[in-house]
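Right, one structure below, let's go through it.
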Amino acid sequence: MSDNQSNWDPKTGLHRFWILAVSLVITSGTAISPALPTMQLTFSSYPTTLVNMVATIQQVPAFIVLLFSSQLASKYGIKRIVGIGMLLMGIAGVAPALLSNIWLVLLARLIFGIGIGMTNSLAITLINLYYDGGDQAQMLGERSAFEPIGVCVINLLAGLFLSISWQASFLAYAFIFVVLVGFWKVVPEYHFSRQEKRGSDRVKLSWPIVWSAVFCGTLTVGMAIVNVLTPSVVVANHMGDGTTASFIITIYTIGSMVMGFLFGAIFKAFKRYVLLAGLLCMGLGTLLMNSADNVYTLTIAVVIIGFAYPLSGTYIFNTIDNRIPKEADGLANSILLVGCNVGTAFAPAIVSFLGIFSPFNGQNPGIGMYGLLILIMTVVFFLLMIGPKNHRHSK
């Protein structure tokens, strides 16, 4: 239970906001990417791949720490661990503004990743602890919308500071301190009961957790296809340049945010069929993206893809606690997020591999093959849902 604070009420808008605000910063690692071209000029004696790792290397420690964050929260307190994680992110985030050595910059980014790992899954666990039912579904949907909002804010700030220098662009991460102060002042510590602590010590991986992680990883491959391959599709089909691709990805992000905010209402109306809706969006969107030959078709395709994860992915996070013991929530969130990160990391390789077997044409035929496989998965899930054993269940 939470601290006995007379002004604490997780149902109020202010308190909802500061719980959701944690999600503004947990996917901000790549927001510094506008500074990479200038950094490559500064560190021209180093391989370009090494410099580009500044935007990605934080995922390595994040993967590892994610697996232990729920145990740390159970032992030391979830507010304390989230706070320490954001503090590490803030300090390590702005540190490169004072550094001129590429190896020290990379070290700071590794520490930044530790902070992400401490914070990421617990942002979801906080919602699971304070909310249930329709409230929980609404909060998880809004949480998925807060992530890209935070990336956009830090990305915009980094671009503004970049006019001074690439080092100054890292000052954009000072935004994390604003979130940390608000979160720390408003959200009380959650005190786990002895039973919850004993249960968390006995938590083990289960098949529902593993399969849910694989499912989320499969979905995030599609999301990564938009972020990584849209520029190549635009250029290869003579639709424009990098600016055009950036505009299309921005529209995709807006569509994803809108669907995140609408998830609660959609889930209330359609229950478990939200899962099918998300899969259908992913399958149809990627098939359309594979065949797109103009900007308008491509934009429609990526917007449809943008609807997929806020529907299906949020559904999985919202309902996983129905299939596992309550004390396993923290571990489940961590493993599901690891699945998401793995899917994102290996998306280009997966699309390339699928292209070998793809019956489709295009610059990246693996995109079409991925879409076809997702549609097959949708049909399989639909048949399972309407089967005799599941017909009487609402989720």
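The values are calculated or read from the model by the stated rules, or taken from the named source; none is laboratory data. Just so it is clear, the structure is predicted and the values come from calculations on it, not from any experiment. Heads up, the Cβs are rebuilt from the backbone with ideal geometry, glycines too, and the neighbour counts pull from every protein chain shown. Each accessible area value is taken on the protein alone, full model and side chains, heavy atoms only, with ligands, DNA and RNA left out. Shrake-Rupley method; radii C 1.70, N 1.55, O 1.52, S 1.80 Å.
K268 satisfies every condition listed in (1) under 21 Å from D135 (Cβ atoms); (2) open to solvent by less than 40 Å² (accessible area, probe 1.4 Å); (3) not β-branched (V, I, T) except (2).
Annotation note: of F382, F357, F353, F346, the sole residue that is touching a residue at least 40 places away in the same chain (Cβ under 8 Å), over 14 Å from G217 (Cα atoms) and open to solvent by 60 Å² or more (accessible area, probe 1.4 Å) is F382.
Within segment 106-133, residues that are farther than 16 Å from S28 by Cβ and open to solvent by less than 20 Å² (accessible area, probe 1.4 Å) have Cβ atoms under 9 Å from residues that are among the β-branched types (V, I, T) and in a loop (DSSP other than H, G, I, E, B) in these pairs: L106/I57; L126/V187, counting only partners at least 6 apart in sequence or on another chain. Mind listing whichever residues of segment 360-369 are open to solvent by less than 60 Å² (accessible area, probe 1.4 Å) and of a type outside the set (S, T, N, Q)? G362, P365, G366, I367, G368, M369, listed by residue number. The residues listed here are I26, I81; of these, the one that is β-branched (V, I, T) and part of a loop (DSSP other than H, G, I, E, B) is I26. Of all residues assigned to segment 329-339, at least one qualifies as being more than 24 Å from L276 (Cβ to Cβ) and in contact with an Asp or Glu (Cβ under 6 Å, 6 or more places away or on another chain). On inspection, S144 passes the criterion of being open to solvent by 10 Å² or more (accessible area, probe 1.4 Å) and of a type in the set (G, A, S).
Selection over segment 207-249 of residues that are over 24 Å from I374 (Cα atoms) and either open to solvent by less than 40 Å² (accessible area, probe 1.4 Å) or not charged (D, E, K, R) (or both) gives a count of 12.
Checked against the criterion of being more than 22 Å from I84 (Cα to Cα), part of a loop (DSSP other than H, G, I, E, B) and modelled with pLDDT under 90, the candidates N52, N4 yield just one match: N4. Restricted to segment 129-200, the set of helices (runs of 4 or more DSSP H) holding at least 2 residues that are within 20 Å of the chain's Cα centre (by Cα) and at pLDDT 85 or above comprises 133-161, 175-186.
Among the residues of segment 294-342 satisfying the criterion of being of a type in the set (F, W, Y) and out of contact with any Cys (no Cβ under 9 Å at 6 or more places or on another chain), which is surrounded by the fewest Cβ atoms within 10 Å (Cβ to Cβ)? The qualifying residue surrounded by the fewest Cβ atoms within 10 Å (Cβ to Cβ) is Y296. If we keep just the residues of segment 42-67 that are touching a residue at least 40 places away in the same chain (Cβ under 8 Å) and not aliphatic (A, V, I, L, M), which is surrounded by the fewest Cβ atoms within 10 Å (Cβ to Cβ)? Taking the candidates together, the pick is Y46. Of everything listed in (1) in contact (Cβ under 8 Å) with a residue 24 or more places away in the chain; (2) closer than 24 Å to M369 by Cβ; (3) surrounded by 24 or more Cβ atoms within 10 Å (Cβ to Cβ), the single unmet condition for S291 is (3).
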